[in-house]
Every structure is written in C-alpha cells, then in structure tokens.
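Worksheet: one structure, shown below.
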Amino acid sequence: MRFVPTELAGAYLIEPEPLNDERGFFARTVCAREFAAHGIVTEFVQSSISLSLHRGTLRGLHFQVPPACEAKLVRCTTGAVHDVIVDLRPESPTYRRHVAVELTARNRHALYVPKMFAHGLQTLEDNTEVLYEISAFYSPGQSTGLRFDDPKLNIRWPLPVSSISERDRNWPFLTDDGAPPRLHDPTTRTPIGN
C-alpha cells in the first residue's frame with residue numbers, strides 16, 4: 001500500500017499496490033503494522049455501507065464528539081464519490097480547512113479520516129456504494145454534523161445536490177468566534193457533546 005499524506009495532518013489517501021497476473025490482481029487494503037507506522041487506527045469496531053441511487057446525492061458532513069470520537073476508513077466499492085474531510089481539531093494548524101479526493105470503484109483508493117474530522121461525500125454516478133470502517137460505536141448522543149454549504153468552509157461540490165437528508169440540510173453553520181463549532185441536534189436544536 002502507498003500512504004499519501006493529505007494537506008491535513010494525520011489524514012491519508014491509501015492506494016493499494018496490486019500484484020497482477022493472468023487471473024487479475026491481488027492487493028492488500030489493510031495492514032495493522034503499516035497502519036500503526038503511519039499513526040492510523042488499527043482497530044475498527046463497526047463496518048457500514050451506504051447505497052446512493054442517484055448521482056449528486058450528498059451525505060454529510062458527519063462526525064462524533066467526545067467521548068465517542070471516531071476515525072473512519074472510507075472506500076467506494078461501486079461507482080464514484082467526491083469525498084471531503086474537514087479538520088475540527090482546535091489545536092491543529094489546519095483547523096477548519098478541508099481536502100477533497102475522488103474515490104472510485106476503479107481506483108480502489110481509501111481515505112483515512114482521523115478522529116475529530118467531519119466527513120461528507122457526493123456521488124458522481126448513479127448506484128454508488130461506499131464502505132465505512134469505523135473505530136467507535138455509533139453513539140446518537142454524540143453524533144452531529146456541519147452544513148455542507150457553510151460559507152466559512154467554502155467547499156466546492158462538483159454537482160448540484162440531487163438528494164440530501166433533512167438532517168444534513170439542517171446542521172448548524174460554524175460560528176464567527178473561532179471556537180469549536182457549537183454542536184446541536186438539528187431535529188431538537190439542543191446542544192450535543194461538550
């Protein structure tokens with residue numbers, strides 16, 4: 001595997017290095033020793049998949065707050081996505097900056113998303129499926145998000161949004177005071193986390 005650092009410290013694009021022969025190829029996608037050498041979480045406690053039927057579907061920007069912070073390993077298994085992560089670590093020199101990568105079933109790349117990063121994606125093809133390996137159990141009380149169209153983030157999504165959940169459409173905007181984002185459940189408007 002090749003570990004390609006992104007502009008956000010601790011976040012990597014992971015590219016398999018296939019061994020080809022007349023049958024096709026074989027490639028490693030996870031190795032605890034190699035992950036640990038790059039500071040990547042080596043234990044994932046949940047796996048999830050999403051299927052988005054239509055090109056332009058937007059999911060995110062999601063993350064969990066303490067004590068349920070989660071790292072993710074995200075891979076597109078069918079179709080293609082424009083995948084975005086946002087650094088939400090207040091002590092980080094790249095706080096509130098984002099990067100975007102293209103994950104496709106053809107390139108077989110994975111994106112490692114560290115703890116306290118928001119994650120979102122937009123599908124580039126119909127019938128796109130994404131696999132998520134997650135380091136913490138889902139915790140509804142600590143699960144939150146940011147607005148995909150927050151002007152302070154200035155994320156350029158490649159397509160018009162064809163589908164988005166009501167929850168994702170209503171996450172709060174970032175505040176102006178430089179503090180970490182105020183976290184609310186958009187369905188109740190009550191604070192989440194600390």
Wholly enclosed strands (runs of 3 or more DSSP E) of the range 1-52 bearing at least 2 residues surrounded by 12 or more Cβ atoms within 10 Å (Cβ to Cβ), in contact (Cβ under 8 Å) with a residue 40 or more places away in the chain and out of contact with any Phe, Trp or Tyr (no Cβ under 6 Å at 6 or more places or on another chain) = 12-15, 46-52
All but one of (1) modelled with pLDDT under 95; (2) among the β-branched types (Val, Ile, Thr); (3) more than 30 Å from VAL30 (Cα to Cα) hold for ILE164, so report the exception by its number.
-> (1)
Does ILE164 satisfy the condition of being closer than 18 Å to SER50 by Cα, β-branched (Val, Ile, Thr) and touching a Leu at 6+ places or on another chain (Cβ under 6 Å)?
-> yes
Quick check: is even one residue across the range 58-68 modelled with pLDDT of 95 or more, within 22 Å of ALA118 (Cβ to Cβ) and charged (D, E, K, R)?
-> yes
Strands (runs of 3 or more DSSP E) fully within the range 84-160 counting 2 or more residues that are not hydroxyl-bearing (Ser, Thr, Tyr) | 98-104, 110-113, 117-123, 128-134
Which of (1) β-branched (Val, Ile, Thr); (2) buried (at least 18 other Cβ atoms within 10 Å of the Cβ); (3) at pLDDT below 95 does ILE134 not meet, given it meets every other one?
-> (3)
Here are some conditions: (1) crowded, with 19+ Cβ neighbours inside 10 Å; (2) farther than 19 Å from VAL74 by Cβ; (3) among the aliphatic types (A, V, I, L, M). LEU124 meets all but one. Which one does it not meet?
-> (2)
Residue list for the range 61-119, restricted to those being farther than 14 Å from LEU146 by Cβ, acidic (Asp, Glu) and buried (at least 21 other Cβ atoms within 10 Å of the Cβ) | GLU70, ASP83
Yes or no: GLY60 in a loop (DSSP other than H, G, I, E, B) and touching a residue at least 12 places away in the same chain (Cβ under 8 Å)?
-> no
If a residue has to be assigned to a loop (DSSP other than H, G, I, E, B) and within 20 Å of GLN46 (Cα to Cα) to count, how many in the range 63-83 make the cut?
-> 7
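The values are calculated or read from the model by the stated rules, or taken from the named source; none is laboratory data. Bear in mind the structure is a predicted one, so any value in this text is a computation, not a measurement. Here Cβ is always computed from backbone atoms with ideal geometry, including for glycine, and neighbour counts include all displayed protein chains.
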